């Protein structure tokens, strides 16, 4: 049976919820997650290059190091490593340091002569890394008032596994931002985009399949008019049987009978 035109038009005009706009929201979340992951990877690569660029002095031994800018620096104690991990923590939390207990004699002074540079044991959050073929941890810190060349000497190290004394800037700041972006991309934006997209997809599919009326319902058709105009049907009880014919009203029998 054909459905009247007004009902078909209502079906075609029926809006499907939720709107397609939520697909754009899901796509934006996924794109944001991908950008965060890419930027986090770039940040970790930058930290890896920073560690690779540390100036190193063999232990025991001495060497000249060039400090390009005045300010604070960190001395890291290292041993050969692999790849790839970074941990910023304190106490016994996080990644196990390569040297939980250590000692060393260190002397640093300007290459052209002068007073030794004050060096102190590191008291901040412990930084442990395994990057660029070096596994190390924060050990000491110092500050210089002017850039230049300095002679760094190290000896009497315990344990003997300490192979190098590396000089460089703090890697903690360069690690924090990529870590936050990685967590945001992996744990927040990407799952959020997948969830929003899935909810929008299944709800829209359910809305398209939803019935317009109850199952089996056929809309009533309008009455059809007779050529002479529509006449109402007789009411119940108004029909009467025809009266029987009276004598003499029967038709004559056919001829030959």
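The values are calculated or read from the model by the stated rules, or taken from the named source; none is laboratory data. Here the structure is a predicted model, which means the values were calculated and not measured. Reconstructed Cβ throughout: ideal geometry from the backbone, glycine too, with neighbour counts over all protein chains shown.
Annotation: residue 124 fulfils all but one of (1) touching a residue at least 60 places away in the same chain (Cβ under 8 Å); (2) within 22 Å of residue 71 (Cα to Cα); (3) under 36 Å from the mean Cα position of the chain (by Cα); the unmet one is (1).
Being in a helix (DSSP H, G or I) and either under 25 Å from residue 46 (Cα atoms) or in contact with a strand residue (DSSP E or B) (Cβ under 6 Å, 6 or more places away or on another chain) (or both) is a property that does not hold for residue 140.
One residue is enough: does the range 178-201 have a residue meeting the conditions at pLDDT below 95, over 21 Å from the mean Cα position of the chain (by Cα) and either loosely packed, with under 14 Cβ neighbours inside 10 Å or more than 30 Å from residue 70 (Cα to Cα) (or both)? No. Taking residue 115, is it exposed (fewer than 14 other Cβ atoms within 10 Å of the Cβ), in a loop (DSSP other than H, G, I, E, B) and at pLDDT 90 or above? Yes.
Could you tell me whether the range 71-89 includes any residue that is out of contact with any strand residue (DSSP E or B) (no Cβ under 9 Å at 6 or more places or on another chain), surrounded by 14 or more Cβ atoms within 10 Å (Cβ to Cβ) and outside any strand (DSSP E or B)? No, there is no match, as no residue in the range 71-89 is out of contact with any strand residue (DSSP E or B) (no Cβ under 9 Å at 6 or more places or on another chain), surrounded by 14 or more Cβ atoms within 10 Å (Cβ to Cβ) and outside any strand (DSSP E or B).
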